[in-house]
């Protein structure tokens, strides 16, 4: 299968990890040699309840026996999608009450950018340097990392960049600005949190000039930071909230949420302002509903903050310069890119899955399932320390 993987399946890098998967359960992934790997990555923050969670699997199987895709998004009333959007509204602050379900985080970003332009009649979008919001053309246009997008220019015009956490740059937000799009916690840049009420100050500036604030919660959302969404830590409510990854519970999904008045703008002038065939797919919506229900009705969010403290207590080593992030969205900062690579690859040999961040080569990603046990955290951290000691 390895040779067929490289021959028939398009690759994203020249050196994929190329582990051949047999099955997965809980906090573990198993290869075809039946070797178990403790998963500290969770599909890059996409599996908050671990692998094959029984409530998620049950919801999928129940829906499978009823119907799959029946009509393009928005035409028929389908209970899983309605209940999912209703539960999101129940757990979000006003006026975030209406959700558009799509297929991925990057598609949700596209919809959010369109909505900001439609609502304001303006064209300028402001993003942050080292931001990552997806890889389709609009999302790539607001990516703040030129090396990854220069080969695909021309991209969207009228995109400007500011430095995350730099208050002086807020003067670039003006009456020409349709929307400001920021990750609540910068992911690819190295899990950088907003400081000194930065997001609240961005919110105030947007209000002053009539621009919309879009917050990308694709990574920090769905309980990973100890609250359902990261913005709840920072006294800032966006005009448009973008969701993805963990919402699906292991199934592909994206969503953007805004007020009813804002979202209604996509229905006219022009009509069909945003359309998708498979958005709100009933099986995926059922999986997402089961995931969101479990996270909001359990103690997993509170436990994420407790587990963060355990990680910080255990991961002390001369090579660990800093641990960034919040909850179970953590990044170990190494002295060099070379050490980062050695740790990730050697830990996999020892049965622990770690991963890189997009733009920060010294960072090691730790984003395990929220369901990971303290015993599994202790086990995984001991492997990391052992590997660091061997370097």
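The values are calculated or read from the model by the stated rules, or taken from the named source; none is laboratory data. This structure is a prediction, so every number in the text was calculated from the model and none was measured. Neighbour counts run over all protein chains shown; Cβ positions are idealised from the backbone, glycine included.
Scanning segment 90-105 for residues that are out of contact with any helix residue (DSSP H, G or I) (no Cβ under 6 Å at 6 or more places or on another chain) and surrounded by fewer than 16 Cβ atoms within 10 Å (Cβ to Cβ) yields 90, 93, 94, 95. Residues in segment 123-144 that are touching a strand residue (DSSP E or B) at 6+ places or on another chain (Cβ under 9 Å) and surrounded by fewer than 20 Cβ atoms within 10 Å (Cβ to Cβ): 2 in all. The residue list 304, 285 contains one member that is touching a helix residue (DSSP H, G or I) at 6+ places or on another chain (Cβ under 6 Å) and either in the same structural domain as residue 229 (by TED's automatic domain parsing) or in contact (Cβ under 8 Å) with a residue 12 or more places away in the chain (or both), which is 285.
Residues that are surrounded by fewer than 23 Cβ atoms within 10 Å (Cβ to Cβ) and farther than 22 Å from residue 338 by Cβ within segment 355-371 comprise just one, 371. Residue-level analysis places residue 100 among those that are in contact with a strand residue (DSSP E or B) (Cβ under 8 Å, 6 or more places away or on another chain) and either in the same structural domain as residue 273 (by TED's automatic domain parsing) or free of Cβ contacts under 8 Å to residues at least 60 places away in the same chain (or both).
Reported count of residues in segment 168-192, each being touching a helix residue (DSSP H, G or I) at 6+ places or on another chain (Cβ under 6 Å) and surrounded by fewer than 15 Cβ atoms within 10 Å (Cβ to Cβ), is 1. Summed over segment 229-247, the residues that are closer than 17 Å to residue 134 by Cβ and within 11 Å of the chain's Cα centre (by Cα) give a count of 6. In the condition set (1) surrounded by 12 or more Cβ atoms within 10 Å (Cβ to Cβ); (2) assigned by TED's automatic domain parsing to the domain that holds residue 103, residue 61 is compliant with all but (1). Checked against (1) buried (at least 21 other Cβ atoms within 10 Å of the Cβ); (2) closer than 20 Å to residue 327 by Cα, residue 44 meets all criteria but (1). Do we have residue 179 as within 21 Å of residue 328 (Cβ to Cβ) and at pLDDT 95 or above here? It is false that residue 179 is within 21 Å of residue 328 (Cβ to Cβ) and at pLDDT 95 or above.
Could you pull out the residue among 310, 272 that is in the same structural domain as residue 73 (by TED's automatic domain parsing) and either touching a helix residue (DSSP H, G or I) at 6+ places or on another chain (Cβ under 9 Å) or at positive phi (or both)?
Working: 310 fails: in the same structural domain as residue 73 (by TED's automatic domain parsing).
Unique residue meeting the criteria: 272.
Checking each residue in segment 115-130 for being in a helix (DSSP H, G or I) and either modelled with pLDDT under 95 or over 21 Å from the mean Cα position of the chain (by Cα) (or both) picks out 117, 118, 119, 120.
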